[in-house]
Amino acid sequence: MITSKLPNVGTTIFTTMSQLAAETGALNLSQGFPDFNGPQALLDAVGKHVANGHNQYSPMTGLPALRQQVAAKIARSYGATVSPDSEVTITPGATAAIFCAIQAVIRNGDEVIVFDPSYDSYEPSVELAGGRCVHVQLSLEGFALDFEKLKAALSPRTRMIILNTPHNPTGALISGAELDQLAELIRDRDIYLVSDEVYEHLVFDGVAHASVLAHEELYQRAFVVSSFGKTYHVTGWKTGYVVAPSALTAELRKVHQYVNFCGVTPLQYALADFMAEHPQHVEALPAFYQAKRDLFCDLLAPSRFSFTRVAGTYFQLVDYSQIRPDLDDVAMSLWMTREHGVATIPVSVFYQSPPQGQRLVRLCFAKREETLQQAAEKLCVI
Ligand SMILES: Cc1ncc(COP(=O)(O)O)c(C=O)c1O
């Protein structure tokens, strides 16, 4: 008999819903990935580098040219200076970056604070490191950090806090003022941060993303994680990066070296070329995704779902209390997929203890206009 190290982990809802969407032919607005391609110049660059023989291991820390582009993007976006050599590490996806950061600093018995609803990769990574997640709920209205609850959750064993801004699944943002408040709260404590900022460039309505990279005090204890997959519409490339002060980076690299050693070489070459030649891609992203959010929300306006337009990410939460209050959100997602042809993600799966009576599902709007139109037609007749 095997005694599982992760007894609470089963097939994720993302796999289940994507499979069900494929089986039933439903439009898949569940898992978070675009149904359109990345920029042609980026795709062409991969072919060029594969043909040119860039097919062997790259340096463990990541291709220097790509690390330099990441540092340059950080300087442009946040006015922060980071060393491409000692502070930037390329990883096979943000997931691997988060895993390595947690393994690098969490020990047996340590506590890690996560904010519910929270992304599903954090807890298993903490448990594999011998730690324990302490779940703190975001506010029910607006999904903001609740500093009273956070204060109450801190203990002498707290070793890490995991932030996620812009936030999956709610689209909420953490403000610069909230980062200041957090800095004050943990100033005298030995606590690391993982700041999961994979949606850093998907922030709407003219608001600027408050990155931990731009927060001098918090950055000193932080691993800041991002994903080329989200920024360049290529989630299947599973290529990301983590930025951390040199001492933390050195520890992270000890783990990364034996988890992956390095990222995929031709993809790193292609990303480095594309970032050098198209720095404006990132600047255009807020408007690109805001147009999708607004189209989708305008189309959903006549529906019986209620919602507030999200501030960031490519997910829109919708409340279905006026439609099927009798169904919990897992049942609602299955029903919508099977009976109405639109696959969604129930929000309760992101909670340790889902709030009673919450009736929310998450819809991904990283989709072509036709897909959003077809989905909205279906959603408007439910
Ligand atoms: C909040 C969050 N973090 C991390 C990831 C993983 O990113 P990657 O595909 O680069 O591993 C995702 C992907 O959906 C995400 O939503």
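Listing for the model above:
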{"item": "Selection within the stretch 203-250 - more than 10 Å from the ligand (Cβ to nearest atom), surrounded by fewer than 18 Cβ atoms within 10 Å (Cβ to Cβ) and either not acidic (Asp, Glu) or not in a loop (DSSP other than H, G, I, E, B) (or both)", "result": "206, 207, 208, 216, 217, 220, 245, 246, 247, 250"}
{"item": "Within the stretch 275-382, helices (runs of 4 or more DSSP H) holding 3 or more residues that are in contact with a strand residue (DSSP E or B) (Cβ under 7 Å, 6 or more places away or on another chain) and closer than 24 Å to residue 206 by Cβ", "result": "280-300"}
{"item": "Cross-chain or 6+ apart pairs with Cβ under 8 Å, the stretch 15-33 first and away from the ligand (no atom under 16 Å from the Cβ) and among the polar types (S, T, N, Q), then in a loop (DSSP other than H, G, I, E, B) and at pLDDT 95 or above", "result": "24/341"}
{"item": "Test: residue in the stretch 175-198 that is in contact (Cβ under 8 Å) with a residue 60 or more places away in the chain, part of a helix (DSSP H, G or I) and more than 16 Å from the ligand (Cβ to nearest atom)", "result": "no"}
{"item": "Residues that are crowded, with 17+ Cβ neighbours inside 10 Å and outside any loop (DSSP other than H, G, I, E, B), drawn from the stretch 1-32", "result": "13, 16, 17, 18, 20, 21, 27, 28"}
{"item": "Scan of the stretch 333-346 for residues that are of a type outside the set (Lys, Arg) and surrounded by fewer than 22 Cβ atoms within 10 Å (Cβ to Cβ), ordered by number", "result": "334, 335, 339, 340, 341"}
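The values are calculated or read from the model by the stated rules, or taken from the named source; none is laboratory data. These numbers come from a predicted model, not from an experiment. With ideal geometry, Cβ positions are generated from the backbone for all residues, glycine too; neighbour counts draw on all protein chains shown.
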